[in-house]
Amino acid sequence: MSDHTPRPTLARRTLLAAAVAAPLARPAIVRAQGKIVLKYGTDNPMDNPLNIRLSEAFGRISKETNGAVEIQLFPDSQLGSDPDMLSQLRSGALDMFTLTTQILARVVPVCSITGMPFVFRSNTEVWAAMDGDLGAHMRGEIAKAGLFAQEKIWDLSWKTMTSSKQEIHKPEDLKNFKIRVPAGALLVSFFKALDASPTTINSNEAYTALQTGVVDGMEVPLMTFETSKFYEVQKSVSLTRQMWDGEWSLANGATWKNLPADIRTVISKHLDQSGMQQRDDVFAREAQVAAVLPKRGLPVFTVDQAPFHARLQNVGFYKDWKAKYTPQAWALLEKYTGPIA
């Protein structure tokens, strides 16, 4: 600079410095001290669409935060059973976790309401409820338990019944049938109402229980049946579609609150995006599974739901469960399903 060139004023030098720094911005994220590392647990095999989409979300989060946030995935029950990981999440030993509504109901009872048997008729009804007022109500109750739930619930899908013994076509086929269920009072109550013998077994122990004959069959989403290779230890599949279940993407409440606000925004944006993509994945994958199972020697039956629903009505199942939920929660369910009981 020559002696005759005007020198920038202090204000101009400040603006120039800001302009140079602007491309590096993402201010609060770059300013966050140290790298943020979060542990995320699931019970799904790595090739399950949930884990595939989570991995994609974690990659996008790392990129958008310039590497300031690393979310480590621990799939396939590496950190323990679902109840174990739920305990770890509540204590803060685990930062994030994807958990089904039925198991989460152990600490947030209203969460089981989405699994009320034979009340949702389609995916359209399910997503309207879960992306609407019912889902918002559930997230509020989850927050009261010290956990944070992302806005979009992930799809576990519709439950089917499988068997290594008699085929299941009607309620009478379940009499004294030993069926594996995950932890959850609603599931146990449902199968008892159908005269079956439900046994609570964690997901990481289910294959062995079926293989050794501890139980005769299970209730399971079709895609989980495929990715966990349960077809190796079962002989038939009945498309009962008795209940829908989803998986909330959860975080320890204190851990989530202590993250910088802009980092929380980035994480939520990408998890919800991947959750929406996973819903489409599940829909497509289940159609493929239904077509492939008969080629493996497993007959797949379409089942009339009406006799099952009638049995539940006759034994007062819906009336009993309506009394267990708050009037507000039941009204929100019926807003999307229509009158139940």
Worksheet entry | Over 26 Å (Cα to Cα) - which of Lys170/Lys319; Lys192/Lys319; Lys144/Lys229 fall in this group | Lys144/Lys229
Item to complete: Mind computing the radius of gyration and Dmax over the alpha-carbon atoms of the chain? Å is fine for both.
Response: 24.1, 100
Practice prompt. For the range 158-227, state which trypsin sites (Lys or Arg not before Pro) are in a DSSP loop and have at most 11 other beta carbons lying within 10 Å of their beta carbon.
Written response: Lys175
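If R₀ is 30 angstrom, what is the calculated FRET efficiency for the pair Thr265 and Ala145, using the beta carbon separation as r and rounding to 0.05?
Calculated value: 0.85.
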Fill in: ³J(HN,Hα), Karplus 6.51/-1.76/1.60, whole Hz, each residue of the range 200-213, x for Gly, Pro
7, 9, 5, 4, 6, 10, 5, 4, 5, 4, 6, 5, 8, x
Fill in: Kirkwood hydrodynamic radius over Cα pairs of the range 61-134, then Stokes diffusion coefficient at 4 °C and 1.567 mPa s, in µm²/s
87
Worksheet item: Which far-off residues, 5 or more places away or on another chain, put their amide H under 5 Å from the one on Ser197, with H placed in the peptide plane?
Response: Asn176, Phe177, Lys178, Ile179
Discussion item. Using 0.36 nm times the number of residues separating Ala136 and Lys35, minus their current alpha carbon distance, what extension gain do you get?
Written reply: 33.2 nm
Item to complete: Taking only Cα atoms and a 10 Å spring cutoff, compute GNM fluctuations for the chain and point out the largest among Arg53, Arg241, Arg311.
Response: Arg311
Fill in: Cα gyration tensor category, rounded, prolate or oblate, for the range 210-341 with a/c compared to 1.5
oblate
Worksheet item: With each pseudo-label sitting 7 Å past Cα toward Cβ, what's the Thr208-Phe301 distance in nm, one decimal?
Response: 3.1
Worksheet item: Quick one: putting +1 on the C-beta of Lys and Arg, -1 on the C-beta of Asp and Glu, what dipole do you get for the chain around its Cα centre, in Debye to the nearest 20?
Response: 720
Discussion item. Within 12 Å, Cβ to Cβ, of Glu56, how many net charges do the neighbouring residues add up to if Lys/Arg are +1 and Asp/Glu are -1?
Written reply: +2
Worksheet item: Once amide H atoms are built 1.01 Å from N in the peptide plane, which residues 5 or more positions from Glu247, or in another chain, come under 5 Å H to H?
Response: Trp154, Asp155, Leu156
Worksheet item: Gain in length, Ala93 to Ala254, computed as 0.36 nm per residue apart minus the alpha-carbon separation, to one decimal in nm?
Response: 56.8 nm
Worksheet entry | Beta bridge orientation in the range 85-228: antiparallel %, DSSP, nearest 5 | 45
Fill in: Cα-based equivalent ellipsoid, the range 157-250: semi-axes from gyration tensor eigenvalues, Å
18, 16, 13
Practice prompt. Tell me the label-point distance for the pair Asp47, Lys229, using the 7 Å Cα-to-Cβ offset, in nm and rounded to one decimal.
Written response: 0.9
Item to complete: Determine the calculated [θ] at 222 nm for the chain from helices alone, applying -39500 (n - 2.57) to every DSSP H run no shorter than 4 residues and normalising by the residue count; nearest 500 deg cm²/dmol.
Response: -13500 deg cm²/dmol
Worksheet item: Tally Lys and Arg at +1 and Asp and Glu at -1 over the other residues with C-beta under 14 Å from the C-beta of Val233: what net charge comes out?
Response: +2
Worksheet entry | Length released on extending from Thr199 to Lys335, taking residue separation times 0.36 nm less the Cα-Cα span | 45.7 nm
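Quick note: the coordinates plus some simple rules give every number you see, no bench work behind them. Because the structure is a prediction, the values reported are computed rather than measured. Positions of Cβ are generated from backbone atoms using ideal geometry, with glycine treated the same way; all protein chains shown enter the neighbour counts.
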